[in-house]
Structure formats: C-alpha cells, structure tokens
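Participant: Got a structure for you, written out below as structure tokens; questions coming shortly.
The values are calculated or read from the model by the stated rules, or taken from the named source; none is laboratory data. Small disclaimer: the values here were computed from a predicted structure and weren't measured. For neighbour counting, all protein chains shown are included, and Cβ atoms are generated from backbone atoms with ideal geometry for every residue, glycine included. Only protein heavy atoms, including side chains, enter the accessible area calculation; ligands, DNA and RNA are left aside. Shrake-Rupley method; radii C 1.70, N 1.55, O 1.52, S 1.80 Å.
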Amino acid sequence: MSQPSILDRLSALDTNTVSDALDFLGLQGATYGLRPLWDCPKIVGRASTVKVGPKTDAAPTAHLLTPVIDAVKTDDRILVVSGGIDGISCWGDILANASKAKRIRGTIIDGMSRDIDGSREVGYPVYGRGVTMISARNRLVQVDSGTPLQIRGIMVNQDDYVIADRCGTVFVPAKRIEEVLELGEQIDRRQSLMIQAVRAGQPVSEVMHDTQFEAIRESTPSLTVATPARSSTRNPKKASAEDQELVALFADSDTPGVSDALDKLGIPGQAFGIMPLTDYKKVTVGPAFTVRYVPASEPPGSVGDFIDDVAIGDVVVIDNGGRTDCTVWGDIMTQYAGIRGVAGAVIDGVCRDVNRAIEDDYPLFTAGRWMRTGKDRVQVGGVNESIGIGKVRVNPRDIVVADANGVVIVPRDRAREVAEIARRIEQSEAGIREMIAGGATISEAREKLGYHTLQRKG
C-alpha cells in the first residue's frame with residue numbers, strides 16, 4: 001500500500017490542529033479574518049502567490065490574476081492574493097469559472113470578492129475578508145506573482161502549504177511541513193482520546209489539564225480513557241425552581257421582542273457584535289454562568305475547568321475582552337457542555353472547532369471564529385462575577401436570550417417585567433401581521449394596534 005502524500009496527510013487535519021502544531025513549534029501561520037465567503041468546503045494545497053495594488057495610471061492592462069491562472073499546470077494550486085482594498089473586488093465569477101477549468105483548488109484573498117454567487121454555483125471555494133459589488137477594473141492591478149508576500153501579517157512564499165476551513169486560513173512553510181504534519185497528527189490522535197474521555201464521563205478538568213496538553217509532545221498517546229459510566233456523565237447540578245420559572249417566561253419570545261421590551265424600559269441589554277455561529281431555528285434561554293478571562297500568567301493557569309460547575313440549562317457567558325487573537329472554546333468544551341445539558345455559550349471573543357458545534361447543534365454565539373488556541377495566552381480570571389459582553393454588563397444568573405438575530409441580556413430582577421412587555425409587543429405585532437394578511441394597509445394596522453408606541457419609553 002502506498003504511503004499517503006503530504007497533501008493527503010494535511011487534508012486529514014483541520015486548521016485548529018495545524019495551528020496548534022505551529023504554536024508548539026513557535027511558527028507563525030494562522031491568520032485571522034480570512035473566512036469562507038460562501039459555505040464552501042475545506043481546501044488544502046500549495047500556494048501560488050499574487051500581489052495586487054492600486055492602479056496608478058490610465059494605461060490598459062490585462063485583468064488582474066488572469067496571467068497566473070493561465071500559467072497553472074498542476075492540480076495542487078491555491079491562489080493566495082495579497083494587497084486587496086476594502087470595498088474593491090479582486091475576485092469574481094469569471095475568474096472562478098476559469099480557475100475551476102484549470103483545476104485550481106480555491107482562492108485565498110486578503111481582500112474582497114464580488115459575484116460570490118457565481119463562485120458558489122460552480123463550487124469554487126473562495127476565502128477572504130468579505131464581499132462587495134465594486135469592480136477592480138481601473139482600480140486594482142496585478143503587481144507581482146510567484147514571490148513572497150505578506151497576508152494578514154504572515155509571510156507566505158510560493159509553494160508553501162495552505163489549509164482553510166470554517167475556522168479560517170493557515171499557511172505552513174514548505175520547508176517545515178514534515179515536522180508540522182508529524183506533530184499535527186500526534187495532536188489529532190491525542191485530541192481524539194480526550195474527546196473519548198469526555199464522552200466516557202471523565203471530568204473535563206482532568207481531561208484538559210496542562211499535563212495532558214504537554215503530553216501531546218509524546219510520540220505515543222497515553223491518555224487513559226475510563227469505561228463509560230452514566231453516573232459520572234450525568235450533571236448533578238440542577239436548575240433551581242426560580243431559574244426554571246424565569247426561563248419559562250421567555251419560552252415563546254425571541255430576541256427582537258425582548259430587545260424592544262428592554263428599549264421600552266430603558267434597560268441596556270443588546271450584546272453588540274455577538275452573533276450566532278449558524279442560523280439557529282430555536283431560541284436559547286438560560287441563566288448566565290459568567291466567566292472572565294485574563295491574559296495568561298507565568299506559569300499559565302486554567303482555561304476551562306469551570307465547566308464542571310455549570311448547571312443544567314445554564315448559558316455560559318465568557319468575557320474575553322473581545323479578543324480575536326485566541327479562542328476560549330473548542331470541540332472538547334462543546335462535547336462536554338452538550339453531555340452535561342448546558343444550554344449554550346456566549347463569548348465576547350472567538351471559538352474554534354465550529355464543525356463540531358454545528359453538527360451537534362450546540363448553540364454558540366461569539367464575536368467570530370478562529371483556530372488558534374487560547375492555551376498559554378489566556379486563563380480564567382474569575383467565575384460568577386459581573387462581566388461585560390458586547391458593551392453590556394452581565395451579572396451571574398441574569399437571563400440570556402439568544403437566537404439567529406443575536407443575544408440579549410435581561411437583568412434577573414427585571415425579568416418578569418421584561419417578559420410581560422415582550423409578550424404584549426409580540427402579540428401586537430402578531431395582530432398587525434394578521435390585519436395586513438386580511439387586506440388592511442400597514443399604516444391602518446399600525447395605527448390601530450399602536451405600533452409606534454410599542455418600544456417607546458414610558
């Protein structure tokens with residue numbers, strides 16, 4: 001049987017694991033902010049580098065990137081484009097079609113794309129900063145190709161290795177690929193054992209202890225996985241009667257209705273910039289179990305032991321100061337929280353291992369996603385104390401309401417009042433929808449049901 005190729009081995013990993021391997025080796029390569037621009041698959045390949053820049057004269061030129069696409073002769077290429085400008089496209093559907101025909105695996109742009117539906121229609125993966133409709137014509141030109149470039153602060157050379165998935169994009173220096181792969185495979189094996197241990201009911205504080213991470217350097221995984229025991233898996237921390245009562249008050253609400261109620265009462269509660277990981281169909285409601293992260297000390301402290309203290313139905317609310325350079329939540333936390341009946345997690349920061357959370361339908365609401373670990377970068381500074389999330393103060397046991405629209409925080413001592421006003425607002429809006437469905441004009445319906453006063457203070 002033939003040995004798997006380097007690209008096959010890299011394809012078997014994900015960006016989280018590769019980022020961790022780079023960390024262990026002291027190498028840079030993980031980039032933040034280059035995300036899939038449609039729900040495209042993971043891509044793995046060799047970099048074909050292209051620099052673009054502003055057009056400074058009126059002379060006609062070939063469309064940027066077309067010479068590079070035409071020159072591709074192998075099927076292992078990923079186009080890596082630097083020098084993009086916010087709001088200006090340096091990728092579109094014609095380029096996607098041409099690249100697909102040349103069997104190019106995908107494109108990573110430190111810039112913007114337009115015509116993204118065209119890339120999606122032909123199944124061509126594109127990762128970048130975002131989308132726009134503004135053409136690059138007479139605005140951007142190709143400056144160079146096949147030479148070293150900087151992309152999001154990372155130096156990338158022609159033929160370096162590239163891996164990109166839902167968590168972002170990572171570049172691996174070609175001359176270090178073997179040792180990165182070897183260490184990445186060790187990390188992957190050990191992470192699999194850690195997940196098995198969590199599923200078997202071992203406390204996550206033991207599974208994710210620093211000694212277990214340091215043991216990743218060992219050539220042979222040695223983590224002992226306990227025999228599954230339902231009694232150890234079951235969460236002994238139950239929701240109080242009052243918690244259950246307050247959560248039930250919001251059972252038929254959503255964040256827009258609760259947000260309007262908060263506005264009417266003059267209560268700040270909308271968590272700015274904290275968004276759902278995916279388009280959740282249900283509303284998550286639960287008391288806040290608050291966690292505050294701080295920069296790591298020397299030696300570093302714990303990153304996730306608090307999860308053993310979270311009760312069934314709680315929502316973990318993590319204040320990482322809005323940091324996007326390291327994560328505080330990954331697949332082991334997702335797995336364990338799901339087993340323990342934790343309702344969801346809200347993070348003023350980033351998460352990783354998003355495939356696990358999406359596949360498990362575990363509700364995550366964050367400021368973004370990235371693959372770089374928070375280990376040795378941050379540590380738990382406190383639990384069940386007042387924290388800040390998306391410019392909102394959150395006290396322990398406040399009520400969290402989160403859905404596809406975002407996250408709102410309801411002060412616990414105002415929960416009954418907020419829930420009652422939210423119910424009235426939602427009933428009025430339902431009445432307006434019913435009236436317009438029956439033929440009334442929207443102005444008639446709004447006037448009759450007092451729409452303009454629904455959110456007004458007073």
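Participant: Looking only at segment 155-175, how many residues end up being of a type outside the set (Lys, Arg) and more than 22 Å from Ala367 (Cα to Cα)?
Facilitator: From segment 155-175, those of a type outside the set (Lys, Arg) are 155-165, 167-174; that's our starting set.
With the extra rule that they be more than 22 Å from Ala367 (Cα to Cα), the set shrinks to 155-163, 171-174.
Of the residues in that region, 13 qualify.
Participant: Filter segment 425-451 for residues that are touching a residue at least 60 places away in the same chain (Cβ under 8 Å) and either open to solvent by 70 Å² or more (accessible area, probe 1.4 Å) or in contact with a Leu (Cβ under 7 Å, 6 or more places away or on another chain) (or both) and give the result. Please lay out each step first, then the result.
Facilitator: Of segment 425-451, the ones touching a residue at least 60 places away in the same chain (Cβ under 8 Å) are 425-426, 429.
The answer is Ile425, and nothing else.
Participant: Could you please find all residues in segment 321-340 being closer than 13 Å to Thr373 by Cα and not hydroxyl-bearing (Ser, Thr, Tyr)? Spell out how you get there, then give the answer.
Facilitator: Here is the first cut: in segment 321-340, the residues closer than 13 Å to Thr373 by Cα are 323-333.
Matches in segment 321-340: Arg323, Asp325, Cys326, Val328, Trp329, Gly330, Asp331, Ile332, Met333.
Participant: Kindly provide the set of residues from segment 155-168 that are open to solvent by less than 20 Å² (accessible area, probe 1.4 Å) and farther than 18 Å from Leu25 by Cβ, ordered by number.
Facilitator: Ala164, Asp165, Cys167, Gly168
Participant: If you go through segment 56-77 one residue at a time, do you hit one that is surrounded by 18 or more Cβ atoms within 10 Å (Cβ to Cβ) and of a type in the set (Ser, Thr, Tyr)?
Facilitator: No, segment 56-77 contains no residue that is surrounded by 18 or more Cβ atoms within 10 Å (Cβ to Cβ) and of a type in the set (Ser, Thr, Tyr).
Participant: Further, regarding this structure: Determine which single condition Val122 fails, assuming it passes every other condition in (1) touching a residue at least 40 places away in the same chain (Cβ under 8 Å); (2) open to solvent by 10 Å² or more (accessible area, probe 1.4 Å).
Facilitator: (1)
Participant: OK, next. Answer yes if at least one residue in segment 300-317 is without any contact (Cβ under 8 Å) to a residue 60 or more places away in the chain, surrounded by 19 or more Cβ atoms within 10 Å (Cβ to Cβ) and not charged (D, E, K, R), and no otherwise. If you could, list the steps in order and put the result at the bottom.
Facilitator: Residues of segment 300-317 without any contact (Cβ under 8 Å) to a residue 60 or more places away in the chain: 316.
Next, only the ones that are surrounded by 19 or more Cβ atoms within 10 Å (Cβ to Cβ) stay: 316.
After this cut, where a residue has to be not charged (D, E, K, R) as well, the list is 316.
Yes - at least one qualifying residue is present in segment 300-317.
Participant: When you scan segment 234-246, do you find a residue that is touching a Lys or Arg at 6+ places or on another chain (Cβ under 8 Å), surrounded by 15 or more Cβ atoms within 10 Å (Cβ to Cβ) and either under 27 Å from Val80 (Cβ atoms) or modelled with pLDDT of 90 or more (or both), even just one?
Facilitator: So far as segment 234-246 goes, yes, one or more of its residues are touching a Lys or Arg at 6+ places or on another chain (Cβ under 8 Å), surrounded by 15 or more Cβ atoms within 10 Å (Cβ to Cβ) and either under 27 Å from Val80 (Cβ atoms) or modelled with pLDDT of 90 or more (or both).
Participant: I'd like the residue in segment 250-272 that is in contact with an Asp or Glu (Cβ under 8 Å, 6 or more places away or on another chain) and open to solvent by 30 Å² or more (accessible area, probe 1.4 Å) and, out of all such residues, is modelled with the lowest pLDDT.
Facilitator: Result: Asp252.
Participant: Looking at segment 236-271, which of its residues are among the acidic types (Asp, Glu) and touching a residue at least 24 places away in the same chain (Cβ under 8 Å)? Can you show your working first?
Facilitator: Kept after step one, since they are among the acidic types (Asp, Glu), are these residues of segment 236-271: 242-243, 245, 252, 254, 260, 263.
Matches in segment 236-271: Asp243, Asp252, Asp254, Asp260, Asp263.
Participant: If you scan segment 330-365, which residues turn out to be under 10 Å from the mean Cα position of the chain (by Cα), of a type outside the set (A, V, I, L, M) and closer than 23 Å to Asn395 by Cα?
Facilitator: Scanning segment 330-365 gives Gly349, Cys351, Phe365.
Participant: Which one of the conditions (1) under 22 Å from the mean Cα position of the chain (by Cα); (2) crowded, with 20+ Cβ neighbours inside 10 Å does Arg152 fail to meet, given that it meets all the rest?
Facilitator: Failing condition for Arg152: (2).
Participant: In addition: Could you check segment 1-95 for helices (runs of 4 or more DSSP H) lying wholly inside it with 1 or more residues that are over 24 Å from the mean Cα position of the chain (by Cα), modelled with pLDDT of 95 or more and acidic (Asp, Glu)? Working first, answer last.
Facilitator: Numbers: elements: 6-11, 15-25, 66-71.
Because the criterion is at least 1 residues that are over 24 Å from the mean Cα position of the chain (by Cα), modelled with pLDDT of 95 or more and acidic (Asp, Glu), the helices (runs of 4 or more DSSP H) in segment 1-95 that meet it are 6-11.
Participant: May I pose another question? Looking at segment 132-146, can you tell me whether even one residue there is within 24 Å of the chain's Cα centre (by Cα) and open to solvent by less than 70 Å² (accessible area, probe 1.4 Å)?
Facilitator: Yes, segment 132-146 contains at least one residue that is within 24 Å of the chain's Cα centre (by Cα) and open to solvent by less than 70 Å² (accessible area, probe 1.4 Å).
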